[in-house]
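For reference, the structure discussed in these notes is given below.
The values are calculated or read from the model by the stated rules, or taken from the named source; none is laboratory data. Remember, predicted model here, so these are calculated numbers, not experimental data. All Cβ positions, even for glycine, are placed from backbone atoms using ideal geometry, and neighbour counts span all protein chains on display. Just the protein is used for accessible areas: all its heavy atoms, side chains included, with ligands, DNA and RNA removed. Shrake-Rupley method; radii C 1.70, N 1.55, O 1.52, S 1.80 Å.
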Amino acid sequence: MDYFENDPDLPPEVETVDITRRNNTLIIKAVSADDNLSKYTPTAQLKASVTENRVYEEEPPRAGAPNWGEEEEEIPSELVEFACFKGDLETVLQNTALQYPMFLVLREIAMLSEKGTLTAITEESNELQATRIVEGEVRAASVEVVENPQQNGSSDSGVNWRDNKFIS
């Protein structure tokens, strides 16, 4: 992954990362800078699926478009591998030791992405922080904590999990 080949600034709690590839799965695991953390303690890891996409230097012709006897010219392209961090909760960021520092790494990767969205609520120093990054650009995000959600007038829009006929 290009990001890690360029020796990025990692959070101080993370000495380095181990990158493992198993078939089409990429696992980026934190290596702790703290010697007191047991080697048997699973540290946080990011999990992504690897896909290949053909990237063209210019727009390829549409399939089925008439070419009126013109000779077809090959458009220069290359096959590029992408790491796709998709899912929620523990699908992408697994294990709790060094979880927040690895979230910071994920956030930096999201800032470099051309496609996709990272949305998260984190807690640091007893403060909740909302993060939203869309296609590499930071977007406005906020967290609203309410004492009683019923007072918000949203009681009709939620799902009543206790009396849901689809759940047995």
* Structure fact -> Expressed per residue, the solvent accessible area of region 75-146 in Å² (1.4 Å probe) is about 68
* To do: Could you calculate the FRET efficiency of THR20 with VAL143 from 1/(1 + (r/R0)^6), where r is the beta carbon distance between them and R0 is 45 Å, rounded to 0.05?
  => 0.85
* Asked: Taking amide H positions as placed 1.01 Å from N in the peptide plane, with prolines and chain starts having none, which residues 5 or more places from ALA33, or on another chain, fall under 5 Å of its amide H?
  -> VAL14, GLU15
* **Hz values of 3J(HN,Hα) by residue in region 134-146 - Karplus curve (6.51, -1.76, 1.60), Gly and Pro given as x** => 10, 6, x, 10, 5, 10, 4, 8, 8, 10, 10, 9, 10
* **3J(HN,Hα) from dihedral phi, region 101-107, Karplus parametrisation 6.51/-1.76/1.60, rounded to Hz, x for glycine, proline** => x, 6, 5, 4, 5, 4, 4
* To do: List every residue whose amide H lies under 5 Å from the amide H of CYS84, counting only residues 5 or more places away in sequence or on a different chain, with H placed 1.01 Å from N in the peptide plane.
  => SER49, VAL50, THR51
* To do: Round to the nearest 10 and report in Å² the accessible area of ASP7, as given by a 1.4 Å probe over the protein chains' heavy atoms.
  => 130
* To do: Would you mind putting 91-101, 113-123 in packing order, based on average other-beta-carbon counts within 10 Å, highest first?
  => 91-101, 113-123
